[in-house]
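The values are calculated or read from the model by the stated rules, or taken from the named source; none is laboratory data. In this text, all values refer to a predicted model and were calculated from it rather than measured experimentally. Please note: Cβ atoms are built from the backbone with ideal geometry, for glycine as well, and neighbour counts cover all protein chains shown. Note: areas computed on protein heavy atoms with side chains; ligands, DNA, RNA excluded. Shrake-Rupley method; radii C 1.70, N 1.55, O 1.52, S 1.80 Å.
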Amino acid sequence: MAARKAPAPATAEPEPAKCPTCHGSGEVSRTVRVGRKRRPVGEQAGLCLNCLGSGDAPAD
């Protein structure tokens, strides 16, 4: 019987660059405003519009 060959080593793909706006999380904080005078009352998580929530840097 022939000798078995070792499987080829898997090539590791380079890690994609992180989005500079959300730092790779895909979310950014947005100010919540209420009332006629639009006073800020807090913050909530919103989708990063730079990477559309993927966390990867957009391709230019």
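The phi torsions of the stretch 45-58, fed into the Karplus equation with coefficients 6.51, -1.76 and 1.60 and a -60° offset, translate into couplings of 6, x, 5, 6, 7, 6, 10, 6, x, 7, x, 8, 5, x Hz, rounded to whole numbers, with Gly and Pro shown as x.
Using the Cβ of residue 33 as centre and a radius below 11 Å, the other residues enclosed give a net charge of +4, where K and R count +1 and D and E count -1.
Assuming 0.36 nm per residue, please report the length gained on full extension of the stretch residue 25 to residue 50 beyond their Cα-Cα distance. Before the final figure, lay out the partial values.
Working: separation 25, 0.36 × 25 = 9.00 nm, distance 1.17 nm.
Here the segment from residue 25 to residue 50 would lengthen by 7.8 nm.
Restricting to Cα atoms and excluding each atom paired with itself, what does the Kirkwood estimate give for the chain in Å?
Values: mean 1/r = 0.0662 Å⁻¹.
One decimal place: 15.1 Å for the Kirkwood radius.
Averaged per residue, what accessible surface does the chain expose to a 1.4 Å probe, in Å²?
93 Å²
Surface composition of the chain: carbon plus sulfur atoms contribute 53% of the solvent-accessible area (1.4 Å probe, protein chains only, all chains present).
Note on residue 15 and residue 41: with the Förster distance fixed at 30 Å, the Cβ-Cβ geometry gives a FRET efficiency of about 0.20. Toward the positive end of the charge dipole of the chain, with +1 on the Cβ of Lys and Arg and -1 on the Cβ of Asp and Glu, the farthest Cα among 49, 34, 19 is that of 34. Across the stretch 26-33, coupling constants 3J(HN,Hα) worked out from phi with the 6.51/-1.76/1.60 Karplus curve, θ = phi - 60°, read x, 10, 10, 8, 10, 6, 9, 10 Hz, and Gly and Pro carry x. With K and R counted +1 and D and E -1, the other residues having a Cβ less than 12 Å from that of residue 44 yield a net charge of 0.
A protection proxy built from the mean count of other Cβ atoms within 10 Å ranks the segments 19-26, 43-50, most packed first, as 19-26, 43-50. For residue 56, nonlocal amide neighbours, meaning residues 5 or more places apart or on other chains whose placed amide H falls under 5 Å from its own, are 19.
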